[in-house]
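*Asks:* Supplied in structure tokens, the structure appears directly below.
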Amino acid sequence: VQLQASGGGLVQPGGSLRLSCAASGRTFSRYTVGWFRQAPGKEREFVAAISGIGGTTHYGGSVKDRFTISRDNAKNTVTLQMNSLKPEDAAVYYCAADIRSSIATTPSVYDYWGQGTLVTVSS
């Protein structure tokens, strides 16, 4: 599976961005896909994930109720809708894929990673 994240950019506090993770591979629908982020000097942080079977979702505590993850298996795409953005949301965002059906929040569990897309939240 190859992943490509896109959609990052500069947004003002309170604004919205939509990130996309495009994947190759005919079995993509079976993978759990997660979004992680990493700010300078900080560890990679779990943001959200969606399972391949059933589409179960899980969010990190700092983004719950503001971010929404969804997937379109016909298009091999996972989307992260980010609303009410805060300066502390600024980071490089990565999408990752894990063949297991259960959702993991630990980066090391994920086998495949995209290249990252930069989100800047600033006025």
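*Asks:* Once amide H atoms are placed 1.01 Å from N in the peptide plane, what residues at a sequence separation of 5 or more from residue 67, or on another chain, have their amide H within under 5 Å of its amide H?
*Replies:* HN-HN under 5 Å from residue 67: 83.
*Asks:* What is the spread of the Cα atoms of the chain along each of their three principal axes, largest first, in whole Å?
*Replies:* Answer, in whole Å and largest first: 41, 26, 25 Å.
*Asks:* Under unit Cβ charges (Lys, Arg +1; Asp, Glu -1), what dipole magnitude, rounded to 20 debye, does region 47-123 have relative to its Cα centre?
*Replies:* Values: 6 positive and 6 negative charges, 24 e Å.
Using only the charged Cβ atoms, the result is roughly 120 debye.
*Asks:* Further question on the same structure: Below 15 angstrom from the Cβ of residue 84, what's the summed charge of the other residues (Lys, Arg +1; Asp, Glu -1)? Intermediate values should be presented prior to the final figure.
*Replies:* Working: positive: 18, 64, 66, 86; negative: 65, 88, 89.
Here the charged neighbours net out to +1.
*Asks:* So how exposed is residue 98, as accessible area in Å² (1.4 Å probe, rounded to 10)?
*Replies:* Surface open to solvent at residue 98 totals about 0 Å².
*Asks:* Choose one answer from 86, 42, 75: the residue with the largest mean-square fluctuation in a GNM of the chain with alpha-carbon springs under 10 Å.
*Replies:* 42
*Asks:* For region 21-86, with only Lys/Arg (+1) and Asp/Glu (-1) charged at the beta-carbon, what is the dipole magnitude about the Cα centre, in debye rounded to 20? Intermediate results must be reported in sequence, preceding the final value.
*Replies:* Details: 10 positive and 4 negative charges, 15 e Å.
In debye, rounded to 20, region 21-86 gives about 80.
*Asks:* Probe 1.4 Å, all protein chains in place: accessible area of residue 122 in Å², nearest 10?
*Replies:* 60 Å²
*Asks:* Per residue, how large is the accessible surface of the chain? Use a 1.4 angstrom probe and give square angstrom.
*Replies:* 51 Å²
*Asks:* Quick one: with all protein chains in place, what share of the accessible area of region 1-114 is carbon or sulfur, to the nearest percent (1.4 Å probe)? Walk me through the numbers before you get to the answer.
*Replies:* Values: 2640 of 5770 Å².
Carbon and sulfur atoms account for 46 percent of the accessible area of region 1-114.
*Asks:* Per 10 Å bin, what is the whole-percent P(r) computed from every C-alpha pair distance within region 55-121?
*Replies:* All Cα pairs considered, the percentages come to 17, 53, 29, 2.
The values are calculated or read from the model by the stated rules, or taken from the named source; none is laboratory data. Fair warning: this is a prediction, and the values are worked out from it, not measured in the lab. Every residue, glycine among them, receives a Cβ derived from its backbone with ideal geometry; neighbour counts consider all protein chains shown. Protein only, heavy atoms only, side chains kept; ligands, DNA and RNA dropped before computing areas. Shrake-Rupley method; radii C 1.70, N 1.55, O 1.52, S 1.80 Å.
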